[in-house]
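**Student:** Take a look at this one; I'll ask things after.
The values are calculated or read from the model by the stated rules, or taken from the named source; none is laboratory data. Note that the structure is a prediction, hence the values are computed from the model and not measured. Ideal geometry is used to build each Cβ from the backbone, glycine not excepted, and the neighbour counts take in all protein chains shown.
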Amino acid sequence: MKRKALITGGAGFIGSHLVDLLLKEGNWDVTVVDNFDEFYSPEIKQANVNPHLENPNYRLYKTDICDLEGLKKVFQENQFELIVHLAALAGVRPSILRPRAYARVNVEGTVNLLEMAKEFGIRKFIFGSSSSVYGINCKVPFSEDDKISLTISPYASTKAAGELLCHTYSHLYGIKMICLRFFTVYGARQRPDLAIHKFSRLIWEGKPIPMFGDGTTKRDYTYIEDILQGVRAAIDYDKSQYEIFNLGESRTVELRYLINLLEENLGKKAIIEQLPPQPGDVPITFADISKARKLLGYNPQTPIEKGIKEFTDWFKEVVSV
């Protein structure tokens, strides 16, 4: 008997890769809810889902998670054992300009899905959170036990709120919950607004890349295949009622080094536009993944040098089409 999963945001970067993985396994019926939001080109998302549309085990609803009646229809027409909630308005900097929109989608939309899980008896819920919840955290690496009361962007605050809501629904209604704190995910199909993709495009076109600050900010960049391994392990994890896991590479990469890697792999020199530090940006992200290693068997395998080569190989293939 096939397992039945709902993936919200399944036309996006991480979501479409997860759909690939589950459909390849062959024992899943996968339903996707995605509203093809215009935060970035809906055509990119359409290209992400096109390979799935002919698969008889795949179903797509172009539905907004803020549309409660639309969501209810999805649940009435299907019987899910699992929700992987990846739909969100993403991005730290845009959230500063649109805090109400971020609160509506990321908080209200999450409540809608949790209400559906409660109403339709869904026993497992996985929430895509973010390393941004750690905010200005002086202790590194970041551990799941660290306080997350110092968020510095509306986006981070909405993700922290989502985690708290998941805990509440787990406690009240017995739903098994896992919150996954993703650390700067990259790879083929990465959103075009994110640094690695954006910088690659600008370097390729000979245009200046914006470098906020002096280039010493550090990020824990996580390759998509490693993230998928963690998400897939979380799907099968059933040893506790509520857990939070960091999914990162557990290595920090300085911005200047990242730019050097892109130059090397693209075969072009970057033109740097030096800018002041950006509000909402944290100086460092760094994942302690010992808990995920122990409980999920999470074991990232892709150092930044290998991952950037994989990404730029994909990028060059796309831009040459």
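**Student:** Mind telling me which of the residues 15, 26, 9 ends up being at positive phi and either surrounded by 19 or more Cβ atoms within 10 Å (Cβ to Cβ) or among the charged types (D, E, K, R) (or both)?
**Tutor:** Details: 15 fails: at positive phi; 26 fails: either surrounded by 19 or more Cβ atoms within 10 Å (Cβ to Cβ) or among the charged types (D, E, K, R) (or both).
Step by step, each of 15, 26, 9 is checked, and only 9 is at positive phi and either surrounded by 19 or more Cβ atoms within 10 Å (Cβ to Cβ) or among the charged types (D, E, K, R) (or both).
**Student:** Could you tell me whether segment 200-216 includes any residue that is farther than 24 Å from residue 280 by Cα, touching a Lys or Arg at 6+ places or on another chain (Cβ under 6 Å), assigned to a helix (DSSP H, G or I) and of a type in the set (A, V, I, L, M, F, W, C)?
**Tutor:** Among the residues of segment 200-216, at least one is farther than 24 Å from residue 280 by Cα, touching a Lys or Arg at 6+ places or on another chain (Cβ under 6 Å), assigned to a helix (DSSP H, G or I) and of a type in the set (A, V, I, L, M, F, W, C), which makes the answer yes.
**Student:** When you scan segment 140-161, how many residues do you find that are closer than 21 Å to residue 289 by Cα and in contact with a helix residue (DSSP H, G or I) (Cβ under 6 Å, 6 or more places away or on another chain)?
**Tutor:** Going through segment 140-161 one residue at a time, the tally reaches 7.
**Student:** State which residue is modelled with the lowest pLDDT when the search covers only segment 116-150 and only residues that are crowded, with 20+ Cβ neighbours inside 10 Å and over 18 Å from the mean Cα position of the chain (by Cα).
**Tutor:** 137
**Student:** Considering only segment 264-307, state which residues are assigned to a helix (DSSP H, G or I) and aliphatic (A, V, I, L, M).
**Tutor:** 266, 292, 295, 296, 304
**Student:** Quick one: residue 106 ticks every box in (1) outside any helix (DSSP H, G or I); (2) touching a helix residue (DSSP H, G or I) at 6+ places or on another chain (Cβ under 6 Å); (3) closer than 20 Å to residue 39 by Cβ except a single one, so which number is it?
**Tutor:** Residue 106 satisfies every listed condition except (1).
**Student:** Given 205, 254, which one is surrounded by fewer than 21 Cβ atoms within 10 Å (Cβ to Cβ), closer than 18 Å to residue 131 by Cβ and of a type outside the set (Val, Ile, Thr)? Show your work before the answer.
**Tutor:** On the way: 205 fails: closer than 18 Å to residue 131 by Cβ.
Testing whether each residue is surrounded by fewer than 21 Cβ atoms within 10 Å (Cβ to Cβ), closer than 18 Å to residue 131 by Cβ and of a type outside the set (Val, Ile, Thr) leaves just 254.
**Student:** Could you check residue 261 against (1) exposed (fewer than 15 other Cβ atoms within 10 Å of the Cβ); (2) without any contact (Cβ under 8 Å) to a residue 60 or more places away in the chain; (3) of a type in the set (A, V, I, L, M, F, W, C) and say which number it fails?
**Tutor:** The number of the failed condition is (1).
**Student:** Quick one: which residue in 310, 249 is outside any helix (DSSP H, G or I) and either under 30 Å from residue 235 (Cα atoms) or under 18 Å from the mean Cα position of the chain (by Cα) (or both)?
**Tutor:** 249
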